[in-house]
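> Below you will find the structure I want to go over with you.
The values are calculated or read from the model by the stated rules, or taken from the named source; none is laboratory data. On a predicted model such as this, the values are computed, not experimentally measured, just so you know. Counting neighbours? That spans all protein chains shown, and the Cβs are built from the backbone with ideal geometry, glycine included. Quick note on the areas: whole protein, heavy atoms, side chains included, nothing else; ligands and nucleic acids left out. Shrake-Rupley method; radii C 1.70, N 1.55, O 1.52, S 1.80 Å.
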Amino acid sequence: MDPRIFFRFDDHDSDSVVRPRDTAGNIDDLAIEPTFTMPDIVDGILGKARRFTGATTLLTARDVVPGSTLMTRDCSVRAVVNLDAALQQAIGTPGTLIVRGRGDSAAEYHPFAIEFRVVNLGLKAVEMRWLWQDSAGVLRTQIGAHFVADGRWTMVTATRR
């Protein structure tokens, strides 16, 4: 049976410099990559949220126990997102919700990643895509649901079996 890893981020502080942390203790506190900035804290639909703005904000974390979040079989990701197709299109690349691993070695291949790609700007249509790398490092993509990304809060769920 695969382990189940739940990332519930504790982010109650109003100070944008304070790093959110995984309340279950599976990953280290989220860190900011050197060329990025900490996302601002905003009021979200379920409480406090972080506003990620394209290529300027990115948070990363390492497993507390190396490899412990590497899912070898089933995996589900659920998040509440506020996505605007026009803003995403202006960035020019798909938006990444979450990715496990850096993709640069067997120990860091992506067992899962979720991204959003604008497919019809006029309709504000975005597709959610599930990505993973196989044991040889080849990137695979499964196209999932399309939804309207017009700045409203939306719950998204992706499952790989």
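> In this structure, does R152 turn out to be closer than 18 Å to L58 by Cα and open to solvent by 70 Å² or more (accessible area, probe 1.4 Å)?
Numbers: closer than 18 Å to L58 by Cα: no; open to solvent by 70 Å² or more (accessible area, probe 1.4 Å): yes.
Considered against the rule, which asks whether it is closer than 18 Å to L58 by Cα and open to solvent by 70 Å² or more (accessible area, probe 1.4 Å), R152 comes out as no.
> Quick check on my filter: what residues within segment 70-79 are closer than 19 Å to R152 by Cβ and open to solvent by 50 Å² or more (accessible area, probe 1.4 Å)?
R78
> Out of G103, G144, G67, I need the residue that is free of Cβ contacts under 8 Å to residues at least 60 places away in the same chain, exposed (fewer than 12 other Cβ atoms within 10 Å of the Cβ) and not in a helix (DSSP H, G or I). Which one? Don't jump to the end; show me each part of the working.
Details: G103 fails: exposed (fewer than 12 other Cβ atoms within 10 Å of the Cβ); G144 fails: exposed (fewer than 12 other Cβ atoms within 10 Å of the Cβ).
Selected residue: G67, the only one of G103, G144, G67 that is free of Cβ contacts under 8 Å to residues at least 60 places away in the same chain, exposed (fewer than 12 other Cβ atoms within 10 Å of the Cβ) and not in a helix (DSSP H, G or I).
> When you go through I114, I91 one by one, which is the residue that is under 29 Å from S68 (Cα atoms), open to solvent by less than 80 Å² (accessible area, probe 1.4 Å) and among the aliphatic types (A, V, I, L, M)?
On inspection, the qualifying residue turns out to be I114.
> Still on this structure, I have one more. Could you tell me which residue of segment 123-141 is nearest to the chain's Cα centre (by Cα), considering only residues that are closer than 25 Å to D104 by Cβ and open to solvent by 60 Å² or more (accessible area, probe 1.4 Å)?
Quick first cut of segment 123-141, residues closer than 25 Å to D104 by Cβ only: 128-141.
Retained after the next criterion (residues that are open to solvent by 60 Å² or more (accessible area, probe 1.4 Å)): 132, 135-136, 138-141.
Values: W132: 13, S135: 22, A136: 23, V138: 20, L139: 17, R140: 17, T141: 15 Å.
So the residue we want is W132.
> Looking at segment 135-158, which of its residues are of a type in the set (V, I, T) and in contact with an Asp or Glu (Cβ under 7 Å, 6 or more places away or on another chain)?
I143
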